[in-house]
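The values are calculated or read from the model by the stated rules, or taken from the named source; none is laboratory data. Being a predicted model, the structure only gives us computed values, none of them experimental. Cβ placement follows ideal geometry from the backbone for every residue including glycine, while neighbour counts extend to all protein chains displayed. Calculation scope for accessible area: heavy atoms of the full protein, side chains included, ligands and nucleic acids excluded. Shrake-Rupley method; radii C 1.70, N 1.55, O 1.52, S 1.80 Å.
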Amino acid sequence: MDAMDRLTELLSRLNPRLVAHIEKHLRKLPAVRAKIEQDTGDLMQTLERELKPYRDELPSTRVIPAEGLPPDTVLESMAALQTRETDGWKDGYVSGAVYHGDTAHIDFLNQVYALHSQTNPLHADVWPSISKYEAEIVAMTAGMLGGAKAGEEICGTLSSGGTESIMLAMKTYRDRARAERGIRRPEMVVPVTAHAAFDKAAQYFNIKMVRIPVDRNYRAEIRAAAKAITRRTVVVVGSAPSFPHGMVDPIAELSELARRRGVGFHTDACLGGFVLPWATDLGYPVPPFDFRLPGVTSISADTHKYGYAAKGTSVILYRGPELRRYQYFTITDWPGGLYFSPSFAGSRPGALSAACWAAMVRIGQAGYRDASRRILETADFIKTAIRAIPELFILGDPLWVIAFGSRTLDIYRVMDAMSHRGWSLNGLHRPNCVHLCVTLRHTQPGVKERFVEDLRAAVAEVKKAPEAEGGMAPVYGMAATLPLRGVVSNILKAYMDVLYKT
Ligand SMILES: *Cc1c(COP(=O)(O)O)cnc(C)c1O
């Protein structure tokens, strides 16, 4: 253990406020700073090599070519790169990311996209077909999520993805609370396991984030939620299921708490919206989470995940058109004319909405039910196999997003050993674990068996040599020690700088 590690270890035992204070001063110490900067520099160089694999073989285009290139040349060079990048996800080596991915389905979506590539729903008069598709996507999604049994009209809009759906909903609750309850310093009550998009909304819209802990099963603590609600609370949130551990929060209890206090409740069903209804049909144990619960006032559900649309669409639903009004933007004195838009974007890709509608009507209820059955059965196989590996344990009791950790091994070393075998899993922390989000890619013959085989081998490898170098393990190690979290945040920013290097 070197001096820095020792210091970190000591600091991590102190009170957080004090640590933050010490950290601020410590970082001014030139020796400590130099060490941190050197380590960060080394790490960034390694990451840069991994993130920019084409640098040594292809020229970078930093200037618009003086003369345009022949279309065939452009297509050929782009196709060559895609060919190289396709095998990993196509063969089921990636957690989440591509949720359908069958060639026939992709070709179908591409045809629909090509047909509509020039459309823009901002000009509803020019392309009324796109507003028809969008209205129907919202209606179909509402119907699937208990809309008919809600007792009120369930309405909504399309957005570009789960993050936008969530941010729109949070803005909507903030603005409603300001208009109807005069709340100037809004707060949102959010389980620690809810998606980072809620933190993003809190930062962007100046809403105070009040986090509530989860229980041993990684479900939001009801009593903590009850205590966290104040006169300033504008919304309470629950996930169905959460991104990290795939657990469905106690939505019935949380939404009832919110309803009794006159506060909105948002169910984040970005991940589960297009699986849970069918899982319920199939007899899996799914707690209620949708508009059948009277306290649920909005739901986000991602068509671009298990709705099997192309990337770039999601649905945000509201209980009643009055609530949806707070999402809308209008301006009546802009020299550019009377202007309005329902979501964050102005111009939008109508082709993505068309492809989303086409995916939904092509797949149909039977198709969604069958896809969910295959995913849930594959997940059952994998969960049983993980439970049989003595070094590993599964967090909570999830349906198809399977987070696992270890009491004896560094789980990030296991993740790195899986990466060496071609797998791209998600690293999580607080607590340390890794997850596999099962998609249709994993339901192909042989994939689940290969995952389990590789996982057993990875565990055996780490058991034999627990001290291997490199990979993501050290970064998660740093993030876990309080005094270095500021450093890690800077590393993430440096990472984004790298992404935009040519
Ligand atoms: C994926 C996801 C989101 C965010 O969705 P994006 O489409 O990536 O913006 C939000 N919540 C949950 C539970 C998710 O799984």
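Find the residue count for the range 490-501, including only residues that are open to solvent by less than 50 Å² (accessible area, probe 1.4 Å) and without any contact (Cβ under 8 Å) to a residue 60 or more places away in the chain. Final tally of qualifying residues: 0. Taking the criterion of being of a type outside the set (Gly, Ala, Ser) and more than 24 Å from the chain's Cα centre (by Cα), the residues of the range 308-327 that qualify are PRO321, GLU322, LEU323, ARG325, TYR326.
Once the range 207-242 is narrowed to residues that are farther than 22 Å from LEU293 by Cα and out of contact with any Asp or Glu (no Cβ under 8 Å at 6 or more places or on another chain), the residue that is least open to solvent (accessible area, probe 1.4 Å) is ARG211. Selection over the range 141-155 of residues that are within 16 Å of the ligand (Cβ to nearest atom) and either in contact with a helix residue (DSSP H, G or I) (Cβ under 6 Å, 6 or more places away or on another chain) or farther than 15 Å from ASP268 by Cα (or both) gives a count of 0.
Pick from the range 269-281 the residues that are in contact (Cβ under 8 Å) with a residue 12 or more places away in the chain and over 17 Å from THR439 (Cβ atoms): which of them is farthest from the chain's Cα centre (by Cα)? Result: ASP281. Looking across the range 313-331 at every residue that is in a strand (DSSP E or B) and open to solvent by less than 10 Å² (accessible area, probe 1.4 Å), the one that is farthest from ASP290 (Cα to Cα) is identified as SER314. If you filter the range 387-443 down to residues that are farther than 24 Å from GLY283 by Cβ and of a type in the set (Ser, Thr, Tyr), you find that the one that is least open to solvent (accessible area, probe 1.4 Å) is TYR412.
Going by what's in this entry, would GLY88 be described as open to solvent by less than 50 Å² (accessible area, probe 1.4 Å), more than 24 Å from GLN365 (Cα to Cα) and part of a helix (DSSP H, G or I)? The answer is yes for GLY88.
Would you say THR163 is open to solvent by less than 20 Å² (accessible area, probe 1.4 Å) and closer than 30 Å to PRO250 by Cβ? In short, no.
One residue stands out among those in the range 282-292 that are more than 13 Å from the ligand (Cβ to nearest atom) and free of Cβ contacts under 8 Å to residues at least 60 places away in the same chain: the one that is farthest from the chain's Cα centre (by Cα), which is GLY283. The listed residues are VAL98, VAL74, VAL126, and the only one of them that is open to solvent by less than 50 Å² (accessible area, probe 1.4 Å) and of a type in the set (Val, Ile, Thr) turns out to be VAL98. Within the range 235-251, the residues that satisfy the criterion of being outside any strand (DSSP E or B), under 11 Å from THR267 (Cβ atoms) and within 11 Å of the ligand (Cβ to nearest atom) are ALA240, PRO241, VAL248, ASP249. Taking the range 1-58 and the helices (runs of 4 or more DSSP H) fully enclosed by it, the elements with 3 or more residues that are surrounded by 11 or more Cβ atoms within 10 Å (Cβ to Cβ) and modelled with pLDDT of 80 or more are at 30-51.
Listed here are the residues, each with its yes/no results for (1) in contact with a Phe, Trp or Tyr (Cβ under 9 Å, 6 or more places away or on another chain); (2) over 30 Å from THR61 (Cβ atoms); (3) at pLDDT below 90; (4) in a helix (DSSP H, G or I).
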position: ALA460; (1), (2), (3), (4): no, yes, no, yes
position: GLY477; (1), (2), (3), (4): yes, yes, yes, yes
position: TYR495; (1), (2), (3), (4): no, no, yes, yes
position: THR502; (1), (2), (3), (4): no, no, no, no
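Contact map, the range 207-223: residues that are farther than 18 Å from PRO398 by Cβ paired with residues that are surrounded by fewer than 17 Cβ atoms within 10 Å (Cβ to Cβ) and polar (S, T, N, Q), Cβ distance under 9 Å, separation 6+ or inter-chain. Pairs shown: MET209/GLN203; VAL210/THR230.
I'd like to know if the range 213-232 contains one or more residues that are among the β-branched types (Val, Ile, Thr), within 16 Å of the ligand (Cβ to nearest atom) and in contact with a helix residue (DSSP H, G or I) (Cβ under 7 Å, 6 or more places away or on another chain). Within the range 213-232, not a single residue is among the β-branched types (Val, Ile, Thr), within 16 Å of the ligand (Cβ to nearest atom) and in contact with a helix residue (DSSP H, G or I) (Cβ under 7 Å, 6 or more places away or on another chain). Got at least one residue in the range 252-264 being within 16 Å of the ligand (Cβ to nearest atom) and out of contact with any Cys (no Cβ under 8 Å at 6 or more places or on another chain)? There is at least one residue in the range 252-264 that is within 16 Å of the ligand (Cβ to nearest atom) and out of contact with any Cys (no Cβ under 8 Å at 6 or more places or on another chain). Name the single residue that is least open to solvent (accessible area, probe 1.4 Å) among those in the range 285-305 being assigned to a loop (DSSP other than H, G, I, E, B) and hydroxyl-bearing (Ser, Thr, Tyr). So, considering only residues that are assigned to a loop (DSSP other than H, G, I, E, B) and hydroxyl-bearing (Ser, Thr, Tyr), the one least open to solvent (accessible area, probe 1.4 Å) is THR303.
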